[in-house]
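Structure first, commentary second.
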Amino acid sequence: MGTDLHELLRSLRVWDPAVTELPPLDPAGAPGDPLELFTRWFAEAVAAGEPEPHTVSLATADAEGLPDARIVMLHGADADGWAFATHADSRKGRHLAARPYAALVFYWPVLGRQVRLRGPVAVAPADQARADLHVRSTGALAAALTGRQSAELGSADELARASGAAWERAEREPDAPVPSWTLYRLRPDEVEFFQGEAHRRHVRLAYRRTAEEGWDRRLLWP
């Protein structure tokens, strides 16, 4: 295979039938609460063999309004919002301190599906952040203990030394505290479910939160 970018792009297919199933989405049968539909879709993505379905794009903006995006992991979703975690002093942590509003995008290509959310972000209580971290793997704790996320790194050796020390502590002290580790919850004002369709008649079902704490549903042109 060559390395010409444009040739490579032209050679690719979106939703190849050999590896992708495009199930229907009937808006009339969708539940009134987007969390219920999200939970159903998430379970279907797992069952379909979607690799790492819990990874999600997180978009934030800095104090000047300049956007940024990265992939994080979903730590849960309930009536309080969709949860993710990071260090409060990381780039995204600083963004959320300055502008506590964000967007999330899940993409599950094996089913031709996206879920998009945006809304205000709140910091969960510190005890919930500690509990969330300490039910995760030793590697997750070691990464959190390594810290200094988004700071300039002097060398790969510096990282190796810090990471090695963090792994040793995580194995020796599985309840080690990480004060900067923060659990965030995005409580969406809007949730959109996108279902791909072979003839490009994609279904976009949008939920918008109402003043009465319910949800309005509407279809969007693809």
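The values are calculated or read from the model by the stated rules, or taken from the named source; none is laboratory data. Values in this document were obtained by computation on a predicted structure and should not be read as measured data. Virtual Cβ from ideal backbone geometry, glycine too; neighbours counted across all protein chains shown. Just so you know, the surface numbers come from the protein's heavy atoms only, side chains and all, with ligands and any DNA or RNA stripped out. Shrake-Rupley method; radii C 1.70, N 1.55, O 1.52, S 1.80 Å.
In table form, for the structure just shown:
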read-out: Matching residues, segment 139-173, being of a type in the set (Lys, Arg) and on the phi > 0 side of the Ramachandran plot; value: Arg148
read-out: Cross-chain or 6+ apart pairs with Cβ under 8 Å, segment 143-161 first and more than 16 Å from Ala88 (Cα to Cα), then surrounded by 14 or more Cβ atoms within 10 Å (Cβ to Cβ) and β-branched (Val, Ile, Thr); value: Leu159/Thr146
read-out: Residue identified as open to solvent by 60 Å² or more (accessible area, probe 1.4 Å), of a type in the set (A, V, I, L, M, F, W, C) and within 26 Å of Pro100 (Cβ to Cβ) among Ala211, Ala140; value: Ala211
read-out: Output for segment 80-106, where each listed residue is buried (at least 17 other Cβ atoms within 10 Å of the Cβ) and of a type in the set (Phe, Trp, Tyr); value: Trp82, Phe84, Phe106
read-out: Given (1) open to solvent by less than 60 Å² (accessible area, probe 1.4 Å); (2) in a helix (DSSP H, G or I); (3) of a type outside the set (Gly, Ala, Ser), index of the condition Leu159 fails; value: (1)
read-out: Search result, residues across segment 118-136 that are under 19 Å from Asp62 (Cα atoms) and buried (at least 17 other Cβ atoms within 10 Å of the Cβ); value: Arg118, Gly119, Val121
read-out: Qualifying residue in segment 190-201 (condition: at pLDDT below 95 and crowded, with 20+ Cβ neighbours inside 10 Å); value: no
read-out: Strands (runs of 3 or more DSSP E) contained entirely in segment 47-127, each with at least 1 residues that are within 22 Å of Pro177 (Cβ to Cβ); value: 67-73, 76-78, 81-87, 113-123
read-out: Looking only at segment 162-179, and only at residues there that are open to solvent by less than 60 Å² (accessible area, probe 1.4 Å) and part of a loop (DSSP other than H, G, I, E, B), the one that is nearest to Ala77 (Cα to Cα); value: Val178
read-out: Per-region count, segment 21-39, residues without any contact (Cβ under 8 Å) to a residue 12 or more places away in the chain and surrounded by fewer than 12 Cβ atoms within 10 Å (Cβ to Cβ); value: 4
read-out: Failed item in (1) over 21 Å from the mean Cα position of the chain (by Cα); (2) within 30 Å of Trp15 (Cα to Cα); (3) not in a loop (DSSP other than H, G, I, E, B); (4) not aliphatic (A, V, I, L, M), with Phe194 passing the rest; value: (1)
read-out: Selection within segment 205-217 - farther than 13 Å from Leu37 by Cβ and not in a loop (DSSP other than H, G, I, E, B); value: Arg208, Arg209, Asp216
read-out: Lone unmet requirement of (1) buried (at least 20 other Cβ atoms within 10 Å of the Cβ); (2) out of contact with any helix residue (DSSP H, G or I) (no Cβ under 9 Å at 6 or more places or on another chain) for Thr182; value: (2)
read-out: Residues located in segment 165-189, provided they are at pLDDT below 95 and under 30 Å from Glu21 (Cα atoms); value: none
read-out: Enumeration of residues in segment 116-130 that are under 14 Å from Asp78 (Cβ atoms) and in contact with a helix residue (DSSP H, G or I) (Cβ under 9 Å, 6 or more places away or on another chain); value: Leu117, Ala124
read-out: For Thr146: the one exception among (1) open to solvent by less than 50 Å² (accessible area, probe 1.4 Å); (2) at pLDDT 95 or above; (3) of a type in the set (Val, Ile, Thr); value: (2)
